[in-house]
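The values are calculated or read from the model by the stated rules, or taken from the named source; none is laboratory data. All figures in this text were calculated on a predicted structure; none of them were measured in a lab. Here the Cβ positions follow ideal geometry from the backbone for every residue, glycine too, while neighbour counts run over all protein chains shown. Surface areas here come from the heavy atoms of the whole protein model, side chains and all, with no ligands, DNA or RNA. Shrake-Rupley method; radii C 1.70, N 1.55, O 1.52, S 1.80 Å.
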Amino acid sequence: MVRLLSQLFALEQDFEIDPQRQRSGLELLLGSETAQGFVAEVSGQVIAMVTVQRVISTAEGGVVAWVEDLVVDQNWRGQGIGSTLLRHLQDWCAASNISRLQLVADRDNRPALEFYRQEGWCETNLKVLRYL
């Protein structure tokens, strides 16, 4: 999974590839009661992953979820694996009474933005800000 995150962060200007930090983040995320991860495997090798975290939304008056990472190994893209992972995630959210999924994508990652549009995701009027 760390290898996949390296591929993802190579595309995103806001993040640095640091395998030790990514491993630590994955361990925290996957050990959390408010997070979940799903993978696609071929012959025991993880070729794609999606992670999600539940949060409380005052706007929704309930639980929503943030997609933290969705990445398909560059050698396996274009075969429907990302779509399958998203459908699985959407089913999990429905079963978990999660009313909205949201994510942040790099504004320059045109292939990812087009993928999400094709999957029915829409842009919002919100702008992501960060401190530190």
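Pick from segment 1-26 the residues that are among the acidic types (D, E) and touching a residue at least 24 places away in the same chain (Cβ under 8 Å): which of them is farthest from F38 (Cα to Cα)? First the steps, then the outcome.
Within segment 1-26, the subset among the acidic types (D, E) is 12, 14, 16, 18.
Subsequent filtering for residues that are touching a residue at least 24 places away in the same chain (Cβ under 8 Å) retains 12, 14.
Numbers: E12: 21, D14: 24 Å.
Per the stated criteria, the residue is D14.
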From the list S43, S32, S57, which one is modelled with pLDDT of 95 or more and open to solvent by less than 20 Å² (accessible area, probe 1.4 Å)?
S57
Is there any pair with a first residue in segment 75-87 that is in a helix (DSSP H, G or I) and a second that is acidic (D, E) whose Cβ atoms are under 6 Å apart and which are 6 or more apart or on different chains, and what are they?
L86/E119
Being acidic (D, E), outside any helix (DSSP H, G or I) and either modelled with pLDDT of 95 or more or within 13 Å of the chain's Cα centre (by Cα) (or both) is the filter here; which residues of segment 88-122 pass it?
D106, E119
Which of the residues belonging to segment 88-110 are closer than 30 Å to S43 by Cβ, touching a residue at least 24 places away in the same chain (Cβ under 8 Å) and open to solvent by 80 Å² or more (accessible area, probe 1.4 Å)?
H88
